[in-house]
């Protein structure tokens with residue numbers, strides 16, 4: 001026990017200092033002396049919700065039904081579903097081309113539209129790069145698939161033979 005009657009354990013000190021700090025609003029993080037500051041660049045002590053990504057608002061007005069408000073993500077998911085169905089029906093190249101094209105369409109939608117609903121996952125730049133790179137890679141692999149590839153890239157063939165044959 002200390003002189004003022006408080007417990008000397010680490011938990012007691014944390015509890016006592018937490019009770020002494022008064023937070024006026026959720027944005028005012030305390031400084032080193034425990035005084036809440038209004039103009040701070042620190043993260044707030046208490047968050048109420050996760051911030052919506054840039055462009056993550058509704059793609060249609062609030063009075064529209066839920067599917068109409070989320071049409072960009074439904075379009076991309078629908079095209080991916082069609083591509084998976086085509087692939088399951090043993091038309092591999094066409095199915096994977098549809099899947100890759102759906103991701104490329106998602107990148108274009110994220111770039112053009114100001115609000116894309118749940119198609120927005122991170123920042124606009126990150127979403128465009130992620131959708132674009134994944135879509136492009138899937139399309140390229142679909143075009144290079146055997147037998148009878150439509151796209152032939154010699155250094156990739158050499159790299160494949162180097163890794164498999166060694």
*Compute the length gained on full extension between residue 113 and residue 144: take 0.36 nm times their separation in residues and subtract their Cα-Cα distance, giving the result in nm to one decimal.*
8.0 nm
_For 123, 61, 101, order by how many other beta-carbon atoms lie within 10 Å, fewest first_ = 61, 123, 101
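Read-outs: derived from the displayed coordinates by stated rules, not from any lab. What you see is a predicted model; the values in this text were computed from it and never measured. FYI the Cβ positions are ideal-geometry reconstructions off the backbone, even for glycines, and counts take in every protein chain you see.
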